[in-house]
Amino acid sequence: MAFPKIKHVRAFVVRGGGADYHDQGDGHWIDDHIATPMSRYPEYRQSRQSFGINVLGTLVVEIEAADGTIGFAVTTGGEPAAYVVEKHLSRFLEGRDPSEVEKIWDQMYFSTQYYGRKGLVVNAISGVDLALYDLLGKLRQEPVYALLGGKVRDELTFYATGARPDLAKQMGFIGGKMPLHHGPAEGEEGLRKNIEELATMRERCGEDFWLMFDCWMALDLNYAVKLAHKAHEYGLKWIEEALSPDDYWGYRDLKKKAPAGMLVTTGEHEATRWGFRMLLEMECCDIIQPDVGWCGGVTELIKIANLADSKGVMMIPHGSSVYSYHFVITRHNSPFAEFLMMAPKADEVVPMFHPQLIGEPVPVNGKLKLSDAPGFGVELNREVGLHRPYAR
């Protein structure tokens, strides 16, 4: 099948919610005294936005084929990532066959390796790769999951991430992952408050509901081990991203020292097959959690998933809406998925990347059937204030 060549690549910046889900207004649970690596500084402890977690905004990548078909994707990275897409990555796309996903990815990654490798540059590459898959699906009139080998189950099953696991249980989710509110700088009192919150949620949710802690890179090894053992009494299913993503040795030791039966998970802020190879070969965790919008896109997620599968490790991608759903439903070692509760009080199910996506599906009673619409099955909301800072 001959595809029309890629004609244009465009990169936009959007502010306010959506893919940059930390870019929220006042009073949102996601910004309420959550433990972070910056919690050691009292002035940055109450709000994650206080230290600039939301300064970049959302990156929107559009790839238009010669016949006018447009694929798009949203991720984080804002204006700096838009510059990388327009000024550097576009040369590997425009005029090319959109089916050359492997070659295009390889050229984007290795051409930026001297200033990239992880972080913002790989976010930009991820956005391009996701937009390319969306375009291919639309050109072929197939959903992305069909491009990836087809579904291995009829529907997705979700756990919820948010401040109210008890409400998530009422909404039909299989588990609730709570933000950890107090880090090492708040001492024994903070540790006690963390355990008290877990105990309260266990009492509300009962014994059979999964409860997890999202530690967002905030802890040291000693604190993480103490937290894990104290939380074990209340049946904590896993402790997530407890340490810096670069501390592979710490994760290895945490996995060894965690209570029997408690899972150690990480990978949200890891990138590429090489980063995940470190996590897997050093036996750092029981579940890897790549974000498809940050780790290198679908093209790289395939390689990461195969590595995990070969090691017998589950891969549960970090919540990234339709971009992970289409992958998870094709993989046996991804038996459930994450849903971020983006309602300010975590008290209702709302679209995760609102208002940037039109037609974004959400779980009902903790489950979701994907449509067979082409691409990722969503459209870009062009009324969200798209700004193209580096138009060519």
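Throughout, read-outs are computed from the coordinates displayed, never taken from laboratory work. Note that the coordinates shown come from a computational prediction; the quantities given were computed from them, not determined experimentally. We place every Cβ from the backbone using ideal geometry, glycine too, and count neighbours over all the protein chains shown.
From the C-alpha gyration tensor of segment 42-145, pull out the three semi-axes of the equivalent ellipsoid (sqrt of 5λ each), sorted largest to smallest, in whole Å.
For segment 42-145, the ellipsoid semi-axes come out as 29, 16, 11 Å.
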When only DSSP loop residues count, what GluC sites (Glu not before Pro) in segment 174-225 have their Cβ near at most 11 other Cβ atoms within 10 Å? Glu207
Listed with the fewest Cβ neighbours within 10 Å leading, Cys284, Cys295 appear as Cys284, Cys295
Hey, what's the Kirkwood Rh for segment 169-289 if you take every pair of different alpha carbons, in angstrom? 14.5 Å
Working from the alpha-carbon coordinates of segment 315-392, get Rg over Rh, Rh being the Kirkwood radius. 1.01
Taking the convex hull of Cα positions in segment 81-213, its mean projected area over all directions (nm²): 12.6 nm²
Summed over the other residues with a beta carbon less than 14 angstrom from that of Glu102, with K and R at +1 and D and E at -1, the charge totals -1
Which of Asp166, Asp106, Asp347 moves most in a GNM of the chain, Cα contacts under 10 Å? Asp106
Placing +1 on each Lys and Arg Cβ and -1 on each Asp and Glu Cβ in segment 77-153, then taking the dipole about the Cα centre, the residue among Gln113, Leu147, Val128 whose Cα reaches farthest towards the positive end is Leu147
When Cys285, Cys205, Cys215 are arranged by how many other beta-carbons sit within 10 Å of their Cβ, fewest first, they go Cys205, Cys215, Cys285
Across Gln24, Gln170, Gln356, the residue with the highest GNM fluctuation in the chain (Cα network, 10 Å cutoff) is Gln170
Using alpha carbons only, how many degrees (0 to 90, rounded to 10) separate the axis of helix 272-281 from the longest principal axis of the chain? 30 degrees
Expected output is a single nm value to one decimal: the length gained when fully extending between Lys256 and Tyr41, i.e. 0.36 nm times separation in residues minus the C-alpha distance. What is it? 74.4 nm
Over the chain, relative contact order from alpha-carbon pairs under 8 Å, at least 6 apart, %: 21 percent
Cα-centre dipole for segment 1-152 with unit charges at Cβ (Lys and Arg positive, Asp and Glu negative), debye to 20: 300 debye
Counting other Cβ atoms within 10 Å of each Cβ, which chymotrypsin sites (Phe, Trp or Tyr not before Pro) in segment 1-74 have at most 12 and sit in a DSSP loop? none
Taking the Cα centre of segment 147-373 as origin and charging only Cβ (+1 Lys, Arg; -1 Asp, Glu), how large is the dipole, in debye to the nearest 20? 460 debye
Got a sec? Charge dipole of the chain, +1 on Cβ for Lys and Arg, -1 for Asp and Glu; which of Ala231, Phe353, His326 is way out at the positive end? His326
Given charges at beta-carbon only (K, R positive; D, E negative), |dipole| of segment 280-392 in Debye: 300 debye
Fully extended, how many nm does the chain gain between Glu196 and Arg382 (0.36 nm per residue separation, minus their Cα-Cα distance)? 62.5 nm
Charge-dipole axis of the chain as Lys and Arg at +1 and Asp and Glu at -1 on Cβ define it, positive-most pick from Ser47, Cys295, Leu167: Cys295
Cα atoms only, segment 266-359: Rg and Dmax in Å? 13.7, 41
Helix 101-111: inclination vs the chain longest Cα principal axis, degrees, rounded to 10, gives 70 degrees
With each run of n ≥ 4 DSSP H residues scored as -39500 (n - 2.57), what mean residue ellipticity at 222 nm is computed for the chain after dividing by its residue count and rounding to the nearest 500 deg cm²/dmol? -10000 deg cm²/dmol
Filtered GluC sites (Glu not before Pro), segment 330-381: DSSP coil and at most 15 other beta carbons within 10 Å: Glu348
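Need one number: % antiparallel among DSSP beta bridges in the chain, to the nearest 5. Working shown, then result.
Values: 21 of 43 bridges.
In the chain, approximately 50 percent of DSSP beta bridges are antiparallel ones.
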Pick from Tyr41, Tyr251, Tyr223: which is most flexible by mean-square fluctuation in a GNM of the chain where alpha carbon atoms under 10 Å apart are linked? Tyr41
What is segment 147-373's relative contact order, in percent, from Cα pairs under 8 angstrom and six or more apart in sequence? 23 percent
Show me the three semi-axes of the equivalent ellipsoid for segment 1-69, from the C-alpha gyration tensor (sqrt of 5 times each eigenvalue), largest first, rounded to whole Å. 39, 11, 9
Using 7 Å Cα-to-Cβ label points, what is the Tyr83/Leu221 separation (nm, one decimal)? 3.8 nm
Give me the one-decimal nm value for the distance between modelled label points at Val55 and Asn365, 7 Å along each residue's Cα-to-Cβ direction. 4.7 nm
Rounded to the nearest 10 degrees, the helix 297-311 long axis (Cα) sits at an angle to the longest Cα principal axis of the chain of 50 degrees
Straight-line reach only, C-alpha to C-alpha below 18 angstrom: list the lysines that Lys311 could link to, leaving out same-chain residues fewer than 8 apart. Lys255, Lys256, Lys303
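What's the long-distance tail for segment 147-373, i.e. % of Cα pairs beyond 31 Å?
18 percent
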